[in-house]
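Read the structure below first, then the notes.
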Amino acid sequence: MIELYHNDMSVCAQKVRFALAEKGLKWESHHLDLRASDQQKPEYLKLNPNAVVPTLVDDGAVIIESTVINEYLDDAYPEPRLRPVDSRSRARMRLWTKQLDEGVHAATSVLSTAIAFRHQKLARGMEELEKFHKQMPDPAKRERSWDTITKGVDSIYFAGAVKRFDRLLADMEAALSQGPWLAGKECSLADIGYAPYMARLEHLQLQFLWDRRPHVPAWFDRLKERRGYKEGIGGWLNGSYLSLMKEKGAEVQSRVKAIVASA
């Protein structure tokens, strides 16, 4: 039996749900309320000491880290396959998924928090906020989170996060001009991995970042038609988060455009 400890709006959880849906796998849901710090409870830390979602449990085997989870799923349940057959395309796929763990995800956290989610967290009060951060096991993540929550778009991390996505979208446009999917002719774990991040940009009203990159929105439209997107992302969208991101994202569009123009 597959169990998934996840959160509705977590981009990492979204990409695992996408893969599960693409494979038609049934799974038992354990939804964690991240605002209530469910991920820091002792019983969950026994499964995932990093205090993040998602965590997959397959017949007792605990798998953490969403990129690893999706590769595990493709190994353990190979049909339909989600990785290219040829070695060169598979290498391209891994280069894309590698970037997620080496900067793209952190940039997404900065944008999401600085623009929108900081308002939810500040509403809890500074004492509760300090307690939450003291329980974060990763000091770099703790520092970045504190700065983006308390300073918003004035955070030292914000401009860098915007520029990281601008570079990423330029790279995507170049890759997609050569074929329909990031790693080549077939939809793969690379495309699945990036789908939630594109959705997050759209929810934050930052889709203008791909206005001059026509291959990117065409690719994103293809992703939206897939079962994995509809069930793994669309079926779990939280209305209260969406309204907050839409409102606050619209307020900072001019700031983001200025950062891109200065790059």
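Pairs of Lys residues in the range 60-206 are counted when their Cα atoms are under 30 angstrom apart and they lie 8 or more places apart or on different chains; the count is 19.
Rounded to the nearest 20 debye, the dipole magnitude of the chain is 680 debye, with +1 charges on Lys and Arg beta carbons, -1 on Asp and Glu beta carbons, and the Cα centre as origin. Note on the chain: dipole from Cβ charges, positive end direction compared against THR67, LEU244, ALA36; the farthest Cα belongs to LEU244.
Phi angles of the range 128-135 translate, via the Karplus equation with coefficients 6.51, -1.76, 1.60 and θ = phi - 60°, into HN-Hα couplings of 5, 5, 5, 4, 4, 6, 4, 8 Hz per residue; Gly and Pro are given as x. Dividing the helix sum by the residues of the chain, where each DSSP H run of 4 or more adds -39500 (n - 2.57), gives a mean residue ellipticity at 222 nm of -17000 deg cm²/dmol.
Can you work out the FRET efficiency for the pair ALA61 and ASP86, with r the C-beta to C-beta distance and R0 = 30 Å, to the nearest 0.05?
The formula returns an efficiency of 0.55 here.
With a simple spin-label model that places each label point 7 Å from the Cα along the Cα-to-Cβ direction, the separation between ARG35 and MET126 comes to 2.2 nm.
Put simply, when 201-213, 57-69 are sorted by average Cβ atoms within 10 angstrom per residue, most first, you get 201-213, 57-69.
Rounded to whole Å and sorted largest first, what semi-axes of the equivalent ellipsoid does the C-alpha gyration tensor of the range 24-140 yield via the square root of 5 times each eigenvalue?
31, 19, 12
What the pair-distance distribution of the range 191-245 shows, using all Cα-Cα distances binned every 10 Å from zero, is 22, 56, 22, 0 percent.
What the Kirkwood sum gives for the range 98-193 is a hydrodynamic radius of 15.0 Å, with every pair of different alpha carbons counted.
If you stretched the chain out fully between LYS134 and ILE2, how much longer would it get, using 0.36 nm times the residue separation minus the C-alpha to C-alpha distance?
44.3 nm
In this rough spin-label picture, where each label sits 7 Å from Cα along the Cβ direction, the GLU251-ALA218 distance is 3.7 nm.
Computed on protein heavy atoms with a 1.4 Å probe, the accessible areas place LYS134, LYS230, LYS15 in the order LYS134, LYS230, LYS15, largest first. Using Stokes-Einstein with the Kirkwood hydrodynamic radius over Cα pairs, what translational diffusion coefficient do you get for the chain at 4 °C and a viscosity of 1.567 mPa s, in µm²/s rounded to a whole number? Rounded to a whole number, D works out at 68 µm²/s.
The values are calculated or read from the model by the stated rules, or taken from the named source; none is laboratory data. Just so it is clear, the model here is predicted, and its values are computed rather than measured. Quick reminder, even Gly has a Cβ in these numbers, built from the backbone with ideal geometry, and neighbours come from all protein chains shown. To get the accessible areas, we keep the full protein, side chains included, count just its heavy atoms, and leave off ligands, DNA and RNA. Shrake-Rupley method; radii C 1.70, N 1.55, O 1.52, S 1.80 Å.
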